[in-house]
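What follows is a short report on a single structure.
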């Protein structure tokens, strides 16, 4: 419901925090497919995740360790 509410008004950006954390695999993939679609339509998504599978959807990955950026790279999506 929170994800649907966040994209209902066609925002210019959203900041989902662990959007797939409490979901089963299929539902998580559906959420990420929605994010991929709205990103392709121009919505910027700044996402927080601890899951490598979810991070793989990113076009850019910034890794933080102990409060410091340890990696910042573009990804092939």
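A few notes on this one:
- Checking each residue in the range 14-41 for being exposed (fewer than 15 other Cβ atoms within 10 Å of the Cβ) and within 20 Å of residue 64 (Cα to Cα) picks out 15, 17, 18, 21.
- Subset tally (residues that are surrounded by 10 or more Cβ atoms within 10 Å (Cβ to Cβ) and assigned to a loop (DSSP other than H, G, I, E, B)) for the range 57-67: 3
- Screening 70, 44 for residues that are modelled with pLDDT of 95 or more, surrounded by fewer than 14 Cβ atoms within 10 Å (Cβ to Cβ), under 26 Å from residue 9 (Cα atoms) and in contact with a strand residue (DSSP E or B) (Cβ under 6 Å, 6 or more places away or on another chain) leaves exactly one candidate, 44.
- Helices (runs of 4 or more DSSP H) wholly inside the range 1-56 containing at least 2 residues that are closer than 25 Å to residue 72 by Cβ and either in contact with a helix residue (DSSP H, G or I) (Cβ under 9 Å, 6 or more places away or on another chain) or without any contact (Cβ under 8 Å) to a residue 12 or more places away in the chain (or both): 25-40, 52-55
The values are calculated or read from the model by the stated rules, or taken from the named source; none is laboratory data. Owing to the predicted nature of the structure, the values given are computational and were not obtained by experimental measurement. When we count neighbours, we look across all protein chains shown, and the Cβ atoms used for this are built from the backbone with ideal geometry, even at glycine.
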